[in-house]
Amino acid sequence: MTQRIPDGLRELLEQAAGPGQAPWRTLLRPGDWLLLLCCAALVATSFPLLWRGGVADRAIVKRDGQLVTELALNVARKYEVTGAIGTTVIEVQPGRARVLSDPGPRQYCVQQGWLTRANAVAICAPNHVTLQLAGRGGAHAGYDTINY
Amino acid sequence: MTPSTIELPVTADDYRIARYAAAAIALSVAETALPSPLPGIKPGLANIIVLVVLARYGWRDAAWVSLLRVVAGSLVIGQFLAPGFFLALAGALCSLAVLAAAQHLPPRFFGPVSASVLAAFAHIGGQLLLARAWLVPHDGVFYLLPLFATAAFLFGTINGLVAARLLAKPSTEPPTP
């Protein structure tokens, strides 16, 4: 069976398995330690990227695709939009927004609850009203709810 | 009509590169059996071979081994010209470019581990850039950067240590046929 292993690999395996190997730390030179430290720091600082960009700072309310209003997400307030079959009430609190009530028969957009991330959308289709959050990075900063 | 045979001259270099490339292909094929938490995160064991070849025989041989590994490895697992192949190729090309620069680091202070970590980051960088430009035309892929970077850091370090350990022993080159 050992004949089937490529020669180069067998050579490397034999070397790796040999006795009397030096301890791991002797394989690292001073610059290696420095580089590893720098890279570890860079990797650690890159982690906020995972959560950044999802922060929403305003809510965009549209009716029939036309912009009705933009609400800043820093003060709590309620906003009423008159749509095709009635009035949709949007509730805004610091950092989040939701459809509080809607005349639609199935209440999907109400049951969606609070929207917190940029580009999240609640669509009240029967009333032709949409509520979308937007972040600092523009319309394409985060995922939207359709293709993610 | 006499049958003619075409004799391609095979040099010792060719045998050596083929031998190391075979080892790298074996490792990269074996690696596909490992489960991965996220597409694109894998140990990259074949890069150990590339690092050993780079240190022993220089960048030209390392480039041959790396690119042969990408092409032949993808043929073996049936991924040739699939998206994964192009991602691997982009990663390999980027890491080769970085290794070309990294081999000029002073050897007194920087060993195979540095080369390995730098190459691993280049690998991830190349793949992410191609993925962003072609497969996922959306900045959303960059949100995964911390995960990829962590994997590159860990596996780059481990692969570098393995390569350093292999290089610490003298080469036992088998005779060329």
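The values are calculated or read from the model by the stated rules, or taken from the named source; none is laboratory data. Since we're looking at a predicted model, the values are computed, not measured. Reconstructed Cβ throughout: ideal geometry from the backbone, glycine too, with neighbour counts over all protein chains shown. Calculation scope for accessible area: heavy atoms of the full protein, side chains included, ligands and nucleic acids excluded. Shrake-Rupley method; radii C 1.70, N 1.55, O 1.52, S 1.80 Å.
Observations on the structure shown:
- Annotation note: of B:Leu129, B:Leu93, B:Leu144, the sole residue that is among the aliphatic types (A, V, I, L, M) and within 12 Å of chain A (Cβ to nearest Cβ) is B:Leu144.
- Among residues of the range B:53-64, those that are under 18 Å from B:Pro107 (Cα atoms) and over 11 Å from the mean Cα position of the chain (by Cα), counted: 5
- Checked against the criteria, A:Ala22 counts as more than 23 Å from B:Ala151 (Cβ to Cβ), outside the structural domain of A:His128 (by TED's automatic domain parsing), surrounded by 11 or more Cβ atoms within 10 Å (Cβ to Cβ) and modelled with pLDDT under 85.
- Annotation note: of B:Ala119, B:Ala149, the sole residue that is open to solvent by less than 20 Å² (accessible area, probe 1.4 Å), more than 7 Å from chain A (Cβ to nearest Cβ) and part of a helix (DSSP H, G or I) is B:Ala119.
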